[in-house]
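For reference, the structure discussed in these notes is given below.
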Amino acid sequence: MSIDMSQFHQVFFEECFEGLEAMEFGLLNLDTDDIDSEVINTIFRGAHSIKGGSGTFGFNEVADFTHIMETLLDEMRDGRRKVTQPAIDVLLGSVDCLRTMLTSIQDKQNVDGATVGKYKAALEIELNGSAKETVPAASARTEEKMANGAKAAIEDDCHAAEQGWKIAFCPYLDLLKTGNDPVRMFRELAELGQYTASVNTQDIPGFYELDPEECNLSWALEVVGDIPVEEINEIFNWVEGDCELDIQPFTKKIAQPAPIEKEAEPALPIQEIERPQAIPVEAEARADNGAAKPEVQQTDSDQSKTSPAKVSSSIRVDTTKIDTLINMVGEVVITQSMLSLIGENFSMAQLPQLKRGLSQLERHIRDMQQSVMNIRMVPISFVFSRFPRLVHDISTKLGKKIELKLVGENTEVDKAIVELISDPLVHLIRNSLDHGIEMPADRLAAGKPETGTIELNAYHRGGHIVIEIIDDGRGLDSKKLIAKAIEKGLIDENSILGDKQAFELIFMPGFSTAETITDISGRGVGMDVVRRNIQSLGGNIEIISDFGKGTTISIHLPLTLAIIDGQSVAVGDETYIVPLVSIKESINITENMLNKIAGRGETFRLRNHYIPVIRMHGIFNVQPNNKSKTGEGVIVVVERQGILCGLFVDELLGPQQVVVKSLETNYRRVEGVSGATILGDGSVALILDIPGLVRFSNR
């Protein structure tokens, strides 16, 4: 019975993309002056896992490419090769290449062979170009066995006219316990071409010490023929991690035996599974002559080809959250059974017991709802983890020195928000890199440290998550912003704006203060889209800046998009939901308490301030009911980006949790409305979008 391996592909790709993120994070944090072996081990494990999984699922292109990365990393972690910045740059580019390969395979598209070849050549030159300084040594066990007879069998034997492979296969003692059979692999090798084997029995213990479940043999194998290395690798894929293995091609150009110790052709380290083919002679010549390595810095055109990893459709959940949910379900089942017994022979004497049971059921369902919502919550680090690489690449390109600080990475937020907030944050970070942080010379001249700082901070505040992008750069010049807006015709020349209003100008479509257009910014496109995207999530964005000292951009988002706490309000015969987090207070008023401003609407005096009033009847074209006609009502004071305004409604109906349904998906987008919900009586109530409602009313 054959197993359909495609059913495991989705999990494989998700784990690969997670592994690539871990590798990228580790490479960015490698300090060439103070090497942390655990960081290198983490990077190596990521490459090793991707290679093993790719081989298992038959993605040989990925396995072969990752194998070269793994070899380079293995020499670094064993101390046989120095960790240098050029090597880190090559590995970072290779991580990008791997991500592109996996995305192409996931989308069932062809892998870009030219790009893969470029990065593979860079890896091979990095691996073999400094061979004279880094002659790898075989493990002690393998050296001993080769010294006892196997070595002679795998040396070059003047195969000048032959093609084939030499294989040194040294299983670990517990290989047989994993279900692997070396003889089966040898039979498969024999089917590929002319096959010979030499076994080393030197390590077999005495009869009384012999464990029949341990493998004490090692082999030197040769297979002659025009055989692709992929076919050799495929045979040994199943013993990955359970042996030491070295696969080398026959040398065509050399007519005399070449000692393994010769510096010009070092043996690659005998590792767990397949070894790459020898680097081509032309590439070796370029490396030996000190020629420049292939450019591995990803260009903009490369990046345009690179598709981001697909949004994961699954969530990894802590088992304690699952256990809590299971306990809640158990409580609901017990309560439901109790209510069923009451219902079978119900009498009025059981009414108090019925009420207690329903109250208990309501409490359990509320707790279960909270448990389910907690399962959707994921750390914001899923978004933050991509920015160290972004800052590294752009700061290098701009010639700036920038340190990125991540704070509050474990702050949890709804997975839907995590998926949608990534692009706006990328744009804001790029703006801070390009416009915010000055060049090192300019910073020194201003009395600042040469290295600029960008801090990405996340924390909870009430029912919101707040994400802050803080930089210590040049800040925003309100006078320059106003002048540029007048120049572009975005505001009137006689406009008088305060700093806060001036900062809002950068969110106007087409606004930009950049002197030159670059591939990073300067076209005046993006900040308006950033605000629109954030507002579509039910959030808002605000800017605080001190010219010459820095800028703070704060994004306020709801913790979840699925369920919100709201206040039901009546407008005529209709019911609307106002998000509770937007409400500051509610005040009963009469018509004569409102102040009319000719041509500007109405205001209400709230203590020592006047706030604008939005009449909900007029916004939604709702006929007033009898109570509305008397001029009585309620002002619901709401906050929009630090500015207060009042919603004039007929009455408050009470707070309640509501399940948000997308109006745009089921109908169309409506200005001032963020969604809809179904009330207990089956009727539909619209959920108000406060920022959108204020914008709509000001038109």
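Using 0.36 nm per residue, how much length does the chain from E38 to Q163 gain when fully extended, once their Cα-Cα distance is taken away?
Stretched fully, the E38-Q163 segment lengthens by 40.9 nm.
Taking 7 Å along the Cα-to-C-beta vector as the label spot, tell me the E409-T56 distance in nanometres, rounded to one decimal.
2.7
Find how much the distance from D226 to D681 grows on full extension, using 0.36 nm per residue of separation minus their present alpha carbon separation; answer in nm with one decimal.
Going from the current span to full extension adds 156.1 nm.
Provide the net charge surrounding M508, with neighbours chosen by a C-beta distance below 11 Å and charges set as Lys +1, Arg +1, Asp -1, Glu -1.
So the environment of M508 carries a net charge of +1.
Stokes-Einstein at 20 °C, 1.002 mPa s, Kirkwood radius from Cα pairs: D for the range 5-133 in µm² s⁻¹?
Roughly 145 µm²/s, to the nearest whole number.
At a 10 angstrom cut-off on C-beta neighbours, averaged per residue, how do the peptides 575-584, 106-115 rank from highest to lowest?
Numbers: 575-584: 19.7, 106-115: 12.1.
Descending mean neighbour count gives 575-584, 106-115.
Please give the peptides 69-77, 383-391 ranked by average Cβ packing (other Cβ atoms within 10 Å per residue), highest first, as a rough proxy for protection.
Averaged packing, sorted descending, gives the order 69-77, 383-391.
Roughly how far apart, in whole Å, are the Cα centres of the range 553-601 and the range 382-461?
Using only Cα atoms to place each centre, the spacing works out to 35 Å.
How high is the relative contact order of the range 563-697? Use alpha-carbon pairs under 8 Å, at least six apart in sequence, and give a whole percent.
After rounding, I find 29 percent.
At 10 °C and a viscosity of 1.306 mPa s, what translational diffusion coefficient does Stokes-Einstein give for the range 319-379, taking Rh as the Kirkwood radius over Cα pairs? Give it in µm²/s as a whole number.
Rounded, D is 125 µm²/s.
Using the beta-carbon distance between V183 and Q10 and R0 = 30 Å, what value does 1/(1 + (r/R0)^6) give for FRET efficiency, to the nearest 0.05?
The formula returns an efficiency of 0.25 here.
For the range 417-468, place one equal point scatterer on every Cα, skip the solvent, and apply the Debye formula. What is log10 of I(q)/I(0) at q = 0.15, 0.17, 0.24, 0.28 Å⁻¹?
-0.57, -0.66, -0.93, -1.08
Evaluate the range 563-697: find the radius of gyration of its Cα atoms, find its Kirkwood radius, and give the ratio Rg to Rh.
Dividing the radius of gyration by the Kirkwood radius yields 0.95.
Which shape class applies to the range 381-558: rounded if a/c is under 1.5, otherwise prolate when a/b exceeds b/c and oblate if not, where a ≥ b ≥ c are the square roots of the Cα gyration tensor eigenvalues?
Values: a/c = 1.70, a/b = 1.14, b/c = 1.48.
Oblate shape, in that a/c is at least 1.5 and b/c is the bigger or equal ratio.
Be a star and scan the range 400-442 for residues whose amide nitrogen sits under 18 Å from the point 7 Å along the Cα-to-Cβ vector of D31.
402-406
Please identify the chymotrypsin sites (Phe, Trp or Tyr not before Pro) of the range 156-236 that satisfy two criteria: DSSP loop assignment and at most 12 other Cβ atoms within 10 Å. Which are they?
Within the range 156-236, the qualifying chymotrypsin sites (Phe, Trp or Tyr not before Pro) (loop, at most 12 other Cβ atoms within 10 Å) are F207, Y208.
What number comes out for the charge environment of R668, summing +1 per Lys or Arg and -1 per Asp or Glu over other residues with Cβ under 15 Å away? Don't jump to the answer; show the numbers that get you there.
Details: positive: K661, R669; negative: E664, E671, D689.
Result for the neighbourhood of R668: -1.
Can you pick out the pairs among K596/K661; K82/K405; K51/K415 whose Cα atoms lie more than 32 Å from each other? Kindly include the intermediate steps, with their values, before the conclusion.
On the way: K596/K661 37 Å; K82/K405 28 Å; K51/K415 29 Å.
Table pairs above 32 Å Cα-Cα are K596/K661.
Are there GluC sites (Glu not before Pro) in the range 313-411 that DSSP marks as loop and that have at most 15 other Cβ atoms within 10 Å, and which are they?
E409
Read the figures in this text as sums done on the coordinates, not as results from a lab. As the structure is a computational prediction, the values presented were derived from the model and not from experiment. Cβ sites come from the backbone with ideal geometry, for glycine too, and all protein chains shown count toward neighbours.
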